[in-house]
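Before I ask anything, here is the structure I am working with.
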């Protein structure tokens, strides 16, 4: 019987959630939890627990950080989730690694810098193209892994670079 462990923080209260048998057995802080849940994230959810009805809307969500703003019967709650990988990192004392900021862009392979699409001081968004690297006769567009400000550029167009060479640094 497989089970998944989660931790959910609502306001300042933490809850441990265990889901077994593909959702047939759910436990909240070790106690069995019986729910009747219908709906979806776009239209909202209707939940019945202990003969009480709840209307639930997800107002905001950031899946990368697992943070949500949830409205339940007109009351708004900040919710932070953690899956089994987050919990394992926490158990190992390495939870800070999950949220570690990438402070530089390194060459993923040896290649030739074809284009640099940013300049020092530029504010960039996650997913934005910032550099084009030619490697093995293919153009590879390197994108920002997070929102950041460009601190410095350590390469030039037409420069050959080695794997793991720091190409662009971001402010911390």
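Report those strands (runs of 3 or more DSSP E) wholly inside the range 69-172 carrying at least 2 residues which are more than 30 Å from residue 52 (Cβ to Cβ) and without any contact (Cβ under 8 Å) to a residue 60 or more places away in the chain.
Of the strands (runs of 3 or more DSSP E) lying wholly inside the range 69-172, those with at least 2 residues that are more than 30 Å from residue 52 (Cβ to Cβ) and without any contact (Cβ under 8 Å) to a residue 60 or more places away in the chain span 111-116, 129-135, 138-143, 148-153.
Then there's this: Where the second residue is surrounded by fewer than 10 Cβ atoms within 10 Å (Cβ to Cβ) and the first is at positive phi and lies in the range 11-37, which pairs have Cβ atoms under 9 Å and are six or more apart or on separate chains?
Listed by first residue and then by second, the contacts come to 21/1; 21/2; 22/2.
Now a separate question. State whether one or more residues within the range 114-126 are within 30 Å of residue 5 (Cα to Cα) and outside the structural domain of residue 17 (by TED's automatic domain parsing).
yes
Can you say whether residue 17 is within 30 Å of residue 145 (Cβ to Cβ) and surrounded by 10 or more Cβ atoms within 10 Å (Cβ to Cβ), as far as the supplied structure shows?
Yes: the conditions hold for residue 17.
If residue 6 satisfies all but one of (1) touching a strand residue (DSSP E or B) at 6+ places or on another chain (Cβ under 6 Å); (2) within 29 Å of residue 91 (Cβ to Cβ); (3) at pLDDT 90 or above, what's the number of the condition it fails?
(3)
Further question on the same structure: Looking only at the range 46-79, how many residues end up being within 21 Å of residue 16 (Cβ to Cβ) and either crowded, with 16+ Cβ neighbours inside 10 Å or at pLDDT 90 or above (or both)?
10
The values are calculated or read from the model by the stated rules, or taken from the named source; none is laboratory data. Just so you know, these numbers come straight off a predicted model, no measurement behind them. Because the Cβ atoms are built from the backbone with ideal geometry, glycine has one as well, and the counts that use them run over all protein chains shown.
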